[in-house]
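Worksheet: the structure to be examined is printed underneath.
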Amino acid sequence: MTLEDIVFRLGIASAAGLLLGLDRELRGIAAGIRTHALVALSSALITVSAMMIHDDLAARSMSNADPLRVIQGLAQAVGFIAAGAIFVSGGNVHNLTSAANIWLAAAVGIAAGAGQTTLLIVGVAFGALIVTLVRILERFVSGWARSDDES
């Protein structure tokens, strides 16, 4: 993998995380643009690293390591981080949308790290559409339940 490939993959992951965190940041939620960008960047970095290790070991006929195991471990770790963002207060659950958005930031980071740019773009577009369009719809539909990120 060339330096340009690495910079592109990590850069697009960071940009995607920034975009996904923008709604959270504008809403004043702690898991904002920096958190989402760092989750996406770290996911891409781990994915690129796993692929490079796999390629290096395969070139030397030293191992038949499976880089998908790294992605599996990454998905589990991000699940714990996202679960830690969720809390219950007074019988109400809070931060579910932020937790799901963090999960999405990790997924687009993995896609960026794997060089799946089209998948990343479509995923970010749908994610951004969901968090913004649903927020707009909530304002116009009377009786719509309050967002899970609000008190």
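Coordinate-derived values only; no laboratory data. The model shown is predicted, which means the values in this text are computed figures rather than measured ones. Methodologically, a virtual Cβ is constructed for each residue, glycine included, from the backbone with ideal geometry; neighbour enumeration extends over all protein chains shown.
Some points to look at:
- Charged side chains reduced to their Cβ positions (Lys and Arg at +1, Asp and Glu at -1) give segment 1-86 a dipole of some 260 debye around its Cα centre.
- Note that segment 83-96 has calculated 3J(HN,Hα) couplings of 5, x, 7, 7, 9, 10, 9, x, x, 9, 8, 10, 6, 5 Hz, one per residue in order, obtained from phi through the Karplus relation 6.51 cos²θ - 1.76 cosθ + 1.60 (θ = phi - 60°); glycine and proline are x.
- Helix-only mean residue ellipticity at 222 nm for the chain, each DSSP H run of n ≥ 4 adding -39500 (n - 2.57), per residue, nearest 500: -25500 deg cm²/dmol
- V93-Q116 FRET efficiency (beta carbon distance; Förster radius 41 Å; 0.05 resolution): 0.80
- Relative contact order for segment 3-140, counting Cα pairs under 8 Å that sit 6 or more residues apart, in percent: 31 percent
- Placing unit charges on the Cβ atoms of the charged side chains and taking the dipole of the chain about its Cα centre, the candidate lying farthest along the positive direction among A106, N92, S63 is N92.
- Environment charge at G11 (Cβ cut-off 11 Å; Lys +1, Arg +1, Asp -1, Glu -1): -1
- Value of Rg to Rh for the chain, rounded to two decimals, is 1.07; Kirkwood radius and Rg both from alpha-carbon coordinates.
- Think of the chain as having a plus end and a minus end, set by charges on the Cβ of Lys, Arg, Asp and Glu; of G115, L10, G28, G28 sits farthest toward the positive end of this dipole.
- Charged-residue dipole, Cβ positions (Lys, Arg, Asp, Glu), the chain about Cα centre, Debye nearest 20: 220 debye
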